[in-house]
1. What number of residues within the stretch 50-64 are more than 18 Å from residue 224 (Cα to Cα) and surrounded by fewer than 14 Cβ atoms within 10 Å (Cβ to Cβ)?
2. Residue 24 fails exactly one of the following numbered conditions: (1) part of a helix (DSSP H, G or I); (2) more than 22 Å from residue 145 (Cβ to Cβ); (3) over 21 Å from the mean Cα position of the chain (by Cα). What is the number of that condition?
3. Cβ contacts < 9 Å: first residue more than 19 Å from residue 84 (Cα to Cα), restricted to the stretch 116-140; second residue part of a strand (DSSP E or B) and more than 10 Å from the ligand (Cβ to nearest atom), any location; separation 6+ or different chain. Result?
4. Starting from residues that are of a type in the set (Gly, Ala, Ser) and under 17 Å from residue 10 (Cβ atoms), keep the ones in the stretch 110-129 and report whichever is nearest to the ligand (Cβ to nearest atom).
5. How many of the residues making up the stretch 86-109 are crowded, with 24+ Cβ neighbours inside 10 Å, more than 7 Å from the ligand (Cβ to nearest atom) and outside any helix (DSSP H, G or I)?
6. Looking at the stretch 204-223, I want the residues that are within 14 Å of residue 173 (Cβ to Cβ) and have a partner that is outside any helix (DSSP H, G or I) with Cβ atoms under 6 Å, at least 6 apart or on another chain. Which pairs are those?
7. Could you run through the stretch 151-163 and say how many residues are within 9 Å of the ligand (Cβ to nearest atom) and either assigned to a loop (DSSP other than H, G, I, E, B) or in contact with a Phe, Trp or Tyr (Cβ under 8 Å, 6 or more places away or on another chain) (or both)?
8. Can you confirm whether the stretch 136-150 contains a residue that is assigned to a loop (DSSP other than H, G, I, E, B), more than 12 Å from the ligand (Cβ to nearest atom) and of a type in the set (Gly, Ala, Ser)?
Amino acid sequence: MHVITGNALLSERLSHLHASSEAQTYAEARRQFAGSEAEFTALAQRYAELSPESKGKFLQSHGIAVQDAALSLAISPEMGEFLCNMVLSKAAKSILELGSSNGVSTLYFAEALRLRGAGKVVATELDESKCAALRQNIAAVGLSDFVDLRRGDVFATVKQLDGPFDIVFIDIWADGYLDIFQAIEGLLAPGSVVLADNMFTSAEAVRPFKEYLNAKPNICNTTLPFESGVEFAVVL
Ligand SMILES: C[S@@+](CC[C@H](N)C(=O)[O-])C[C@H]1O[C@@H](n2cnc3c(N)ncnc32)[C@H](O)[C@@H]1O
């Protein structure tokens, strides 16, 4: 079992949010794909069976790129459970989430903090309608006290924050990973964990970030072959 299933109200909202995010992404991929409906269905089936490492290249080779500001692009339930477990295992109290969209990952972080009885996740998002949805989502499940939402460009937002953060989750547009990591390095301390999503699905765009981490003597990092590819870095 997972603790998330123990909160029926939250589980119900998350199921709805995951389903609508997946439907949006599927519809956008269909819109971009030039072939027939049958060809698209076959393509979607092949995609579902691919290893995480192959997914990015597969989409690229079919001319599909679903990084669109209008979409929710929420993390998967499996990734959410992983994030929740990270908070519980580290007894984390201060979390910085870079790219919150409608708040799906925020909900997993906030629920873990609620279970531990303390802490805040600083959620960051540029889009006002997504911020409104995030506020509504956290209020509907009674998690507002564990979330500090900062609306605006994340590069401006992080300049106003004080660290250190126990966990930082990077989930903005992939070509911004290196710049945002460099912008938040001062908010980290020994033992801080930095997680970054989409390391496989956006492998080309995140390459400068990956190479930068690999070369840093005070960072111990590895890419988990899980979901979209998750960078797991620990500050020494
Ligand atoms: C992949 S989505 C995040 C999904 C979210 N973590 C979830 O699980 O629901 C990326 C989000 O980052 C936001 N974003 C991208 N660049 C940004 C920036 N410079 N400042 C603030 N938000 C940004 C986008 O608007 C988008 O909503």
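1. At the first step, the residues of the stretch 50-64 found to be more than 18 Å from residue 224 (Cα to Cα) are 58-64.
Keeping just the survivors that are surrounded by fewer than 14 Cβ atoms within 10 Å (Cβ to Cβ) gives 61, 63.
Number satisfying all stated conditions: 2.
2. With respect to (1) part of a helix (DSSP H, G or I); (2) more than 22 Å from residue 145 (Cβ to Cβ); (3) over 21 Å from the mean Cα position of the chain (by Cα), residue 24 is out only on (3).
3. Within 9 Å, the pairs are 125/149; 131/149; 135/147; 135/149.
4. Initially, the stretch 110-129 is screened for residues of a type in the set (Gly, Ala, Ser), giving 110, 112, 117-119, 123, 129.
Still in the running and under 17 Å from residue 10 (Cβ atoms): 110, 112, 117, 119, 123.
Values: 110: 12, 112: 14, 117: 24, 119: 18, 123: 9 Å.
Filtering first and then ranking leaves 123.
5. So the answer is 3.
6. 206/199
7. Result for the stretch 151-163: 2.
8. Residues of the stretch 136-150 assigned to a loop (DSSP other than H, G, I, E, B): 141-143.
Cutting the leftovers down to more than 12 Å from the ligand (Cβ to nearest atom) gives us 141-143.
Retained after the next criterion (residues that are of a type in the set (Gly, Ala, Ser)): 142.
Looking for residues that are assigned to a loop (DSSP other than H, G, I, E, B), more than 12 Å from the ligand (Cβ to nearest atom) and of a type in the set (Gly, Ala, Ser), one finds at least one in the stretch 136-150, hence yes.
The values are calculated or read from the model by the stated rules, or taken from the named source; none is laboratory data. For clarity, every value in this text was computed on a predicted model and none was experimentally measured. In this analysis, Cβ positions are derived from the backbone assuming ideal geometry, glycine residues included, and neighbour counts consider all displayed protein chains.
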